[in-house]
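Enquirer: Encoded as structure tokens, here's the structure I'll be asking about.
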Amino acid sequence: MFGTLVVPRFGDDYVRPIAGGVDLSTVLNNRQIGIGHYSETQMPGALGNFAIAAHRTTHGAPFSQIAELRIGDRLYVETSDGWYEYAFRGLEYVWPTGVDVLAPVPQAPQLEATDRVMTLTSCNPRFSAAERIIAYAVLDNWYPRADGPPSAIASITQASGR
Amino acid sequence: MYALLWRTIPGPVWARIIIVVVLAALVMAALVEWVFPWAAETLLPQESTVGG
């Protein structure tokens, strides 16, 4: 476990751990974790694509409200270095084989990365694994740990006891 | 099938009722403890990742 995801749109108490790898039994189906990081993609805040996956139903459903995100919604990734603030941009629907969304520039594997993006993947429709729903967000701000949590989520992180 | 089960279990009616209830509880516990988790992981894997 290397980080935490805080998304105010998902609820005032939404704080979920992020672990390395997307293994079903140890990460995604694990009620203590739930969100997995595609280890072949970049880390939070890095140039390129920070891609994570989680269930939309069952096993705690960390991404059950992924389709509720609106443009500009904030997603915060907390690591040992601090807080990375991403702004939601849009949704995309792909086939389960759509690995191009994990490229440093999503859907453009031939390009060099020039932005810092975050990609969330989950299943679609909600109770099916026929397709995947992809949510894209772009790095907007970052708060080093020494400065403390961003004010927007300070109450959330305090309440979760972090 | 259930008639055979009922006739096979010994004892008066009230004892048979108790035995049947206990057996049903044991079967359901075995299902929830072993069969359903196996089915959930094997028969209906919920995939939320992209990949081949």
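The values are calculated or read from the model by the stated rules, or taken from the named source; none is laboratory data. From a predicted model like this one, the values you see are computed outputs, not experimental measurements. All Cβ positions, even for glycine, are placed from backbone atoms using ideal geometry, and neighbour counts span all protein chains on display. The protein model used for the area step is the full one, side chains on, heavy atoms only, and it has no ligands, DNA or RNA in it. Shrake-Rupley method; radii C 1.70, N 1.55, O 1.52, S 1.80 Å.
Enquirer: Among A:143, A:86, A:76, whose mean-square fluctuation peaks in a Gaussian network model of chain A (Cα, cutoff 10 Å)?
Expert: Comparing A:143, A:86, A:76 in the GNM, the peak value goes to A:143.
Enquirer: So what does residue A:83 come to for accessible area, using a 1.4 Å probe and Å² rounded to 10?
Expert: The accessible area comes out at roughly 10 Å².
Enquirer: Counting Lys +1, Arg +1, Asp -1, Glu -1, what net charge surrounds residue A:94 among other residues with beta carbon under 13 Å of its beta carbon? Please list the in-between numbers first.
Expert: Working: positive: A:132; negative: A:92, A:100, A:131, B:47.
That sum, taken over residues with Cβ under 13 Å, equals -3.
Enquirer: Provide the buried accessible surface between chains B and A in square angstrom, both chains summed, 1.4 Å probe, rounded to the nearest 100. Mind dumping the intermediate values first?
Expert: Working: alone 4820 and 7870 Å², together 11550 Å².
Interface between B and A: roughly 1100 Å².
Enquirer: Length gain on complete extension for the stretch residue A:108 to residue A:70, per 0.36 nm per residue less the alpha carbon to alpha carbon distance?
Expert: Values: separation 38, 0.36 × 38 = 13.68 nm, distance 2.36 nm.
Between residue A:108 and residue A:70, full extension yields 11.3 nm more.
Enquirer: How long are the three semi-axes of the equivalent ellipsoid for segment A:7-93, computed from the Cα gyration tensor as the root of 5 times each eigenvalue, in whole Å, largest first? Don't jump to the answer; show the numbers that get you there.
Expert: On the way: eigenvalues 68, 57, 33 Å².
Output for segment A:7-93: semi-axes of 18, 17, 13 Å.
Enquirer: Here is a follow-up. Name the long-range amide H neighbours of residue A:131: under 5 Å, sequence gap of 5 or more, or other chain; modelled H, no Pro or chain starts.
Expert: Correct list: A:124.
Enquirer: Then there is this: Other chains' Cβ within 10 Å of A:53-61 residues: what's the mean? Working shown, then result.
Expert: Values: counts 5, 2, 4, 2, 2, 4, 3, 0, 2.
Neighbouring Cβ atoms belonging to other protein chains average 3 per residue here.
Enquirer: Would you mind pulling out the separation of the Cα centroids of segment A:55-106 and chain B, in Å?
Expert: So the two Cα centres are separated by 39 Å.
Enquirer: Using amide H atoms built 1.01 Å from N in the peptide plane, name the residues 5+ places from residue A:35, or on other chains, whose amide H lies under 5 Å from its own.
Expert: Under 5 Å from the amide H of residue A:35: A:19.
Enquirer: Quick one: angle between helix B:13-30 and the longest Cα principal axis of chain B, in degrees between 0 and 90, rounded to 10, please.
Expert: 10 degrees
Enquirer: By the scheme Lys and Arg +1, Asp and Glu -1, what is the net charge of all other residues having a beta-carbon under 12 Å from that of residue A:73? Spell out each step's value before the answer.
Expert: Working: positive: A:9, A:70, A:74, A:89; negative: A:68, A:85, A:140.
In short, +1.
Enquirer: With springs only between Cα atoms under 10 Å, which of A:50, A:127, A:63 fluctuates most in a Gaussian network model of chain A?
Expert: A:127
Enquirer: Taking a 1.4 Å probe, which of A:88, B:36, A:2 shows the most accessible area, and what order do the others take after it?
Expert: Working: A:88 10, B:36 110, A:2 55 Å².
Accessible-area ranking of A:88, B:36, A:2, largest first: B:36, A:2, A:88.
Enquirer: Keeping every protein chain in place, order A:73, A:13, A:100 by accessible area at 1.4 Å, biggest value first, i.e. largest first.
Expert: Values: A:73 20, A:13 130, A:100 70 Å².
Largest accessible area first, the list is A:13, A:100, A:73.
Enquirer: Restricting things to alpha carbons, find the Rg to Rh ratio for the protein assembly as shown using the Kirkwood radius for Rh.
Expert: 1.18
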